[in-house]
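I have placed the structure first, in the form of structure tokens, so that the comments after it can refer back to it.
The values are calculated or read from the model by the stated rules, or taken from the named source; none is laboratory data. This structure is a prediction, so every number in the text was calculated from the model and none was measured. Glycine also receives a Cβ, built like all others from the backbone with ideal geometry; neighbour counts cover every protein chain displayed.
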Amino acid sequence: MNTIMFWLQPFIAAFTGWFTTWIAIYMLFHPRNPVRFLGITIQGIFPKRQRQVAEKLGSVVAKELIHFSEIAEQLKDPEMLKGLNPTIEKHLDNFLQVKLKEKMPIISMFVGDGTMQKIKEGMMEEIALLLPEIIHQYTDSLSERIDIEKMVTEKVSNFSSDKLEEILQSVMKKEFKFIEIIGGVLGFVIGLIQLAFSFL
């Protein structure tokens with residue numbers, strides 16, 4: 001039996017390395033609520049530090065990833081605004097050809113389709129001039145009211161522990177598995193080294 005246990009040292013060490021690594025990863029998320037054990041309070045790292053993680057993530061997102069000024073520039077982009085023209089034109093057509101005539105039937109008696117077309121063209125020109133200014137004022141107003149850092153911080157802080165674990169596991173599942181395997185491999189190597197020293 002001693003001989004068997006002697007040769008099993010690398011495999012026992014590999015299991016120990018894998019198991020301790022698995023426990024370490026498990027304790028990133030568990031226990032979710034503080035637990036007293038032998039006078040020591042134990043809680044998973046992420047549940048315990050969720051607020052700090054949320055604040056750090058909010059800061060990184062606001063300062064490094066998303067700048068409201070960049071979003072505003074995209075909204076003001078002339079090419080993007082041109083993309084609104086078909087929708088605006090469709091609504092103008094409906095207003096001039098249907099709604100206006102329903103509200104003011106006499107117009108159809110004195111205003112022909114050619115004149116309506118000119119009115120529409122004039123309105124489209126005015127809208128093309130007015131729209132960038134409206135968007136500019138709107139984005140300026142939003143920039144004063146929207147705090148991206150605060151939004152992200154509050155969202156992450158309000159995640160349930162289950163949701164937080166689900167998100168992190170979905171992002172880092174492969175990495176966690178790789179760390180577990182590395183723990184097992186290192187344990188096996190240490191076991192082989194111990195075995196080699198036994199022969200010295």
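Values computed for the structure shown
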item	result
Some residue of the range 26-40 being in a helix (DSSP H, G or I) and either modelled with pLDDT of 85 or more or farther than 24 Å from Lys163 by Cβ (or both)	yes
Residue list for the range 124-161, restricted to those being over 30 Å from Ser69 (Cα atoms) and touching a residue at least 24 places away in the same chain (Cβ under 8 Å)	Ser161
Enumeration of residues in the range 108-118 that are β-branched (Val, Ile, Thr) and in a helix (DSSP H, G or I)	Thr115
Qualifying position, being within 30 Å of Gly44 (Cβ to Cβ) and part of a helix (DSSP H, G or I), among Glu121, Glu165, Glu89, Glu79	Glu165
Options Leu142, Leu96: the member that is within 30 Å of Val61 (Cα to Cα), of a type outside the set (Ser, Thr, Tyr) and assigned to a helix (DSSP H, G or I)	Leu142
Unique match (being in contact (Cβ under 8 Å) with a residue 40 or more places away in the chain, surrounded by 12 or more Cβ atoms within 10 Å (Cβ to Cβ) and under 30 Å from Glu133 (Cβ atoms)) among Phe29, Phe68, Phe46, Phe15	Phe68
Single condition Pro105 does not satisfy, out of (1) touching a helix residue (DSSP H, G or I) at 6+ places or on another chain (Cβ under 6 Å); (2) in a loop (DSSP other than H, G, I, E, B)	(1)
